[in-house]
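Written out below as structure tokens is the structure these notes cover.
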């Protein structure tokens, strides 16, 4: 298997284990997936979102955490 496939399988396994239930918003789901160290590009693919939107949510969360 290629490294990309293995990494994707590992990420999806973490997602399956960590996420049980629904989120109130896509932003909440992005924050949870980001906390699992899933790359923004993969989060965008998983949630069928634009990568720019995912990156924006992550950036806002980091800015909020820095305060």
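In segment 28-67, how many are on the phi > 0 side of the Ramachandran plot and at pLDDT 85 or above?
Residues meeting the conditions: 1.
Among the residues of segment 13-27, which ones are modelled with pLDDT under 80 and either under 12 Å from residue 42 (Cα atoms) or in a helix (DSSP H, G or I) (or both)?
Once the filter is applied, which keeps residues that are modelled with pLDDT under 80 and either under 12 Å from residue 42 (Cα atoms) or in a helix (DSSP H, G or I) (or both), segment 13-27 yields 13, 14, 15, 16, 17, 18.
Looking only at segment 46-67, count how many residues are loosely packed, with under 11 Cβ neighbours inside 10 Å and assigned to a loop (DSSP other than H, G, I, E, B).
Selection size over segment 46-67: 3.
Which ones in segment 35-45 are crowded, with 17+ Cβ neighbours inside 10 Å and in contact (Cβ under 8 Å) with a residue 24 or more places away in the chain?
Quick first cut of segment 35-45, residues crowded, with 17+ Cβ neighbours inside 10 Å only: 38, 40, 42-44.
Matches in segment 35-45: 38, 42.
The values are calculated or read from the model by the stated rules, or taken from the named source; none is laboratory data. Model, not experiment: these values are computed from the prediction. Cβ: placed from backbone, ideal geometry, glycine included. Neighbour counts: every protein chain shown.
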